[in-house]
Amino acid sequence: WSWDGFSKDLRLFISLLWQHFRGKINKLVYEAAVAGRSRHREVNVGSRLSIREIYQRLLWEASQLGVTRRHQETPYEYGKRLGQVVPEESAPLSELTDLYVNIRYSDLTAETKQVDRANSLWEALLKLLTKDEPDDTE
């Protein structure tokens, strides 16, 4: 035992603690920014959500289940990991991920039928992701 070893351990503990809370603070700031942006952004097709908005909401809902997207993960890797948590919806999740990647990483704009398909997939996934929560409408 030495003071030098103790001080190094203490510095390591404090830095890990700082990283832990800094990550939570960054997450809260990001969620507030996403919520603020989506409130003020126009929806592309009628009252439907855009594909990018759907994916943002998917990320948020999945984080409520404890499955957050890691910084280094691609959408496909994240979709595969989320599919392990909700295996009965892995096919719609994969299709929604494909739609998101095609729109997000290309210069193409979403067609109406793609947006409609993404919204129907999102409605099905949302019911599954929030099935454990009590329904307030009853």
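Net length available on complete extension from K80 to V101 is 6.2 nm, with 0.36 nm assigned per residue and the Cα-Cα distance removed.
Taking all protein chains into account, the per residue accessible area for the stretch 46-96 stands at 56 Å² (1.4 Å probe). Residue-wise HN-Hα couplings along the stretch 116-128, as the Karplus relation 6.51 cos²θ - 1.76 cosθ + 1.60 with θ = phi - 60° gives them from phi, are 4, 5, 4, 5, 5, 5, 5, 4, 5, 5, 4, 4, 6 Hz; Gly and Pro carry x.
The values are calculated or read from the model by the stated rules, or taken from the named source; none is laboratory data. Since the structure is predicted, the reported quantities are computational estimates derived from the model, not experimental observations. Ligands, DNA and RNA are excluded from the accessible area calculation, which covers all protein heavy atoms including side chains. Shrake-Rupley method; radii C 1.70, N 1.55, O 1.52, S 1.80 Å.
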